[in-house]
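See structure below.
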Amino acid sequence: MILLQARDVSLRRGDRAVVSAASLTLAKGRVIGLIGPNGAGKSTFMRLLAGLETPDCGDIQLLDRGMGQISPALRARQLAFIPQDGGAPPPMPVRALVALGRLPHGQADDHAARHPAVGHALDVTGLLDLCARPASHLSGGERARMNLARALATDTPVILADEPIAALDPAHALSMMRLFRQQAGQGKGIVIVLHDLVLATRFCDELVLMDDGAVIRHGPPTQVLDDDIMRTVYEVTVRRVENAVLPWTLCR
Amino acid sequence: MKSAHKTLLLNAVLLTGVIGLFGASLMWGETRVMFSHALADILAGRHSAGAIIIARLRLPRTLLAVMVGGMLGLSGAVLQGYLRNPLADPGILGVSGGAALGAVSVFYTGLMQVSIAALPLGGLTGALCAAAVLMGLVGRGGTLVLLLAGAALSSFAAALTALVLNLVPSPYASFEIMHWLMGSLTDRTFTHVWICLPGVVCGTLLMLSAGRALDALTLGEDVAESLGFRLHGLGGIQTRIVLGAALAVGSCVAVSGAIGFVGLVVPHLLRPLTGYQPSRLLVPSFLGGSLLLLLADMVVRLVAVGPELQLGVLTALLGAPVFFTRVIMLKRTVS
Amino acid sequence: MAAIVAGFLACVPLTQALALPRVASLNLCTDQLLLMLAEPGQIVGITPLARDCWNAVLCEQARHVPVLRPTAENVVASHPDVVLGGVYTAAVAMQAGREGGAQVIALPPARSLTDIPGQIMTVANAIGVPERGRQLATAFATRLASLSVARSSTDPTAAVYAANGFVTHAGSLPDDVLAHAGFRNYATLMGHQASSRFSMELLIAQPPDLLILDRSGKGTSLAQSMLDHPALKQAFAGAHHLDLPARLWLCGLPQTLDSVVMLRNARHNLEMSAP
């Protein structure tokens, strides 16, 4: 079942094409990794997919309805967006911040905080013990989990996350990716912007590679990331190592 | 205790304080008035000295203290939530200064003789212009840009206010700059209450309607928008907040002058009691602002030596330490 | 051709007044005395304030004579024979007149109605029209005698309330006018709370029999709008309230006696309205 589909989406800022004719199809239970070098247009493409910006041309369908035809409130019940980490959150208790995820359902304050979806989201992200703590006191890893929990609390079929593991150490990054994988296993469709190609290869069903605003390749990770692409897009050479912990290493 | 109950309790305490001070403000003043006799005279429609003092002098003044203080507190809380900046305050941002300029331009040039509604409209126009300039200047700039723009805007507005006061015909005008820059509720009438009321009601409704969006905005604009709130454009949160604050501040400053720091101090003191949730802070900030201004106005009246102290002097004495504390905290986070 | 005729005509009053000294006035009060006494053409300049009808009773006449800002530079440039001024204002300009060789007369403010004939004579003598001065001073004294009433400790009280809540105290011209019209000055009676400003609340709590609103200055301001406060209107209705133009007693002039007449009428109304 197709949850989110973008076809030939373009967006210009001034006379620069930030996203040009990009396409993406997200099905139920799938994790798509959106990869590409800095400045490739990944974040803008994500904002387009999230309905935060309107494309100049092209078409985005969320659950078979045009993004432009969906009201912001309905869209918020079908799609949750986790932007890049915006720094320290306010000193509100973690549970209250996660409960903000219930706002699209018209639930707020204590009513929202008591909702089972909030408890469930705190549970799966391992934040139950921290839920009374001020969010400003959380570590980077805990903050990333809190942002995911807020998205899960809305209980949407689609989750979009922009670099959710950018600032995390390997252990936290790994546990975050496991969480996403687990949520996909329960039927959600997830798009994640990633820079860690190793984790991308390991946890994503499909990779979408962007460069200069365009999608240059998409498909299963091993097909997308070949030596040729690594050299032309990322400007690094790759040496494959058999029987190593990682399947390959990067050289300058 | 559930946080909703905590907020309810806080509101009840504040409301009790406002009601108590409201009564006290009617009863106490420069002269001793037998309150019960005066009340009987008012109800009987007799124009005794006590009745006139309470119904015509103290009542409008007290009502305005509640309205103006409430509006300043509320708009401070809303602006701080919207800009995600604890230093935002209509006075510091120059919105009050703009409103004073607008009101002065109407009041002294005789435009007010055309229609009494011109006065709050002048204040509203001034406040809206200031807000528009501020938004244009700051854009997505940080705290420092906001404060710089606010400082520039308020001193510019103060200079223009002084200029207007110097140019108008009345020989007294140029001495009245203090009223407009510091604020006072001396000798206000019921006319002032009526011309202030529509802006206060509409502004309050507009600002309160943004409560949920302010909560969502704690996580940033993108999250707020993805949670289904329209921030920009007609009917968006930004329009509602800017228009609401301009309506409220504009019509209040038009009758009382720019009373500073209320919008800074009140949310600052109450925020920890509301779990740092912006929507929970709104009603307490209204009540707290009323409480603070009622108190300041009573102090101004009771300790009067010589000419009456401007209200803004007292609120600044209270507010400046809070401002300094905030600046020190800001310095720590920057360095 | 027209220009030559106009120039010639303009010279006529000048040549007529040649025998009389040329006079500059630096103060609103001397402005008005000068306007009443001087020959046309004798006046080098009066202050711009004299043209303001809020402050000056002779504002209309003032439009026909030149105005001079009361600065030293203007006094030096116009080198008058006589300079008239107050004792407190434009001191440097008066000094400049003195150094320029002019006769400088500093006229203190009139503190009572009986000061006024003397002031008229001082100005009349200085500008060389003693006969006209004598006529004016005599007429004033006669009218004053016909208007004054005997004082009594039971006279009604009156407060002179001006913009910003200022109240007129004893030792001023308005205070003397009150006495001549048969009023006791409220501010003097309330002396123990004496400050120059009275709040509305105090005024309403301990009201005088008559509230005289002393309006001055054009335009709108908070200070002036205070006099229109509804509480004052309600507390001092009908005969208890009198609007008196400040220009009548701002300076000691023959017209100041009009304020005595207004106040005597007000007192009459008070007595009529009393139960």
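Just so you know, all these numbers are worked out from the coordinates, no wet-lab data involved. Because the structure is a prediction, the values reported are computed rather than measured. All Cβ positions, even for glycine, are placed from backbone atoms using ideal geometry, and neighbour counts span all protein chains on display.
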- Using Cα pairs under 8 angstrom and six or more residues apart, how large is the relative contact order of chain B, in percent? 30 percent
- Note on the structure: Output for the range B:1-94: trypsin sites (Lys or Arg not before Pro) sitting in coil per DSSP, at most 13 other Cβ within 10 Å, listed by number, reads B:2, B:32, B:46
- Message: What number does chain C give for Rg over Rh if you use C-alpha atoms and the Kirkwood radius?
- Response: 1.04
- If exposed GluC sites (Glu not before Pro) are those in a DSSP loop with at most 13 other Cβ within 10 Å, what is the longest stretch of chain A that has none? A:1-234
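When you look at the Cβ of every residue in C:222-228, what mean number of other chain Cβ atoms sits within 10 Å? Please report the intermediate quantities before stating the final value.
On the way: counts 13, 7, 4, 6, 4, 0, 2.
The shielding value for this peptide is 5.
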- Peptide B:27-38 - average C-beta neighbours from other chains (10 Å radius): 2
- Message: What number results when the radius of gyration of chain B, computed over Cα atoms, is divided by 2.2 N^0.38 Å?
- Response: 0.99
- Task: Sum -39500 (n - 2.57) across every DSSP H segment of at least 4 residues in chain A, then divide by the residue count to get the 222 nm mean residue ellipticity, nearest 500.
- Result: -9000 deg cm²/dmol
- Item | Label zone at residue B:39 (point 7 Å along Cα-to-Cβ), backbone N below 19 Å, the range B:4-25 | B:16-25
- Is the shape of the range C:22-73 best called rounded, prolate or oblate, per the rule: a/c under 1.5 gives rounded, else a/b larger than b/c gives prolate, else oblate, with a ≥ b ≥ c the square roots of the Cα gyration tensor eigenvalues? oblate
- Item | Within a Gaussian network of chain A (alpha carbon springs, distance under 10 Å), most fluctuating of A:176, A:92, A:46 | A:92
- Regarding the protein assembly as shown, what is the average projected area of its C-alpha convex hull, in nm²? 51.8 nm²
- Task: Take chain A, connect every pair of alpha-carbon atoms lying under 10 Å apart with a spring to form a Gaussian network, then pick out the residue of A:223, A:61, A:182 with the largest mean-square fluctuation.
- Result: A:223
- Item | Cα pair count fraction exceeding 18 Å, expressed as % - the range C:157-270 | 45 percent
- Report, largest value first, the span of the C-alpha coordinates of the range A:5-55 along each principal axis, in whole Å. 38, 23, 17
- Mean separation of Cα contacts under 8 Å (at least 6 apart) over the residue count of chain C, i.e. the relative contact order in percent, is 17 percent
- Quick note, chain A: a/c under 1.5 would make it rounded; otherwise a/b > b/c is prolate and the rest oblate (a ≥ b ≥ c, C-alpha gyration tensor); here it is oblate
- Message: Let me check against my output: what whole-number percent is the relative contact order of chain A, with C-alpha pairs under 8 Å and at least 6 apart?
- Response: 26 percent
- Against the longest alpha carbon principal axis of chain A, how many degrees, from 0 to 90 and to the nearest 10, is the axis of helix A:170-185 turned? 80 degrees
- Task: Count, for each residue of A:75-82, the Cβ atoms from other chains sitting within 10 Å of its Cβ, then give me the mean as a whole number.
- Result: 3
- With springs connecting C-alpha atoms under 10 Å apart, model chain A as a Gaussian network and identify which of A:165, A:82, A:216 has the largest mean-square fluctuation. A:216
- Take each complete run of DSSP H in chain B, measure how far its Cα atoms stretch along the helix's own axis, and keep only those covering 20 Å or more with mean Kyte-Doolittle hydropathy at least 1.0; list them. B:3-27, B:59-83, B:118-138, B:143-167, B:190-208, B:237-256, B:278-302, B:311-334
- Gyration tensor on Cα atoms of the range B:129-230, a ≥ b ≥ c root eigenvalues, a/c under 1.5 rounded, else prolate if a/b beats b/c, else oblate, says oblate
- Message: Explain nothing, just the number: dipole magnitude of chain C about its Cα centre with +1 on each Lys and Arg Cβ and -1 on each Asp and Glu Cβ, in debye rounded to the nearest 20.
- Response: 100 debye
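Hey, any idea what Rg/Rh is for the range B:234-335, computing Rh the Kirkwood way over Cα pairs?
When Rh is taken as the Kirkwood radius, the ratio is 1.02.
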- Of A:12-20, C:147-155, C:119-127, ordering from highest average Cβ density within 10 Å down gives C:119-127, A:12-20, C:147-155
- Report, to the nearest 10°, how far helix C:28-37 tilts away from the longest principal axis of the Cα atoms in chain C, using its own Cα long axis and a range of 0 to 90°. 60 degrees
- Which order, highest average first, do B:234-246, B:120-132, C:86-98, B:136-148 follow once you tally other Cβ atoms within 10 Å for each residue and take the mean per peptide? B:120-132, B:234-246, C:86-98, B:136-148
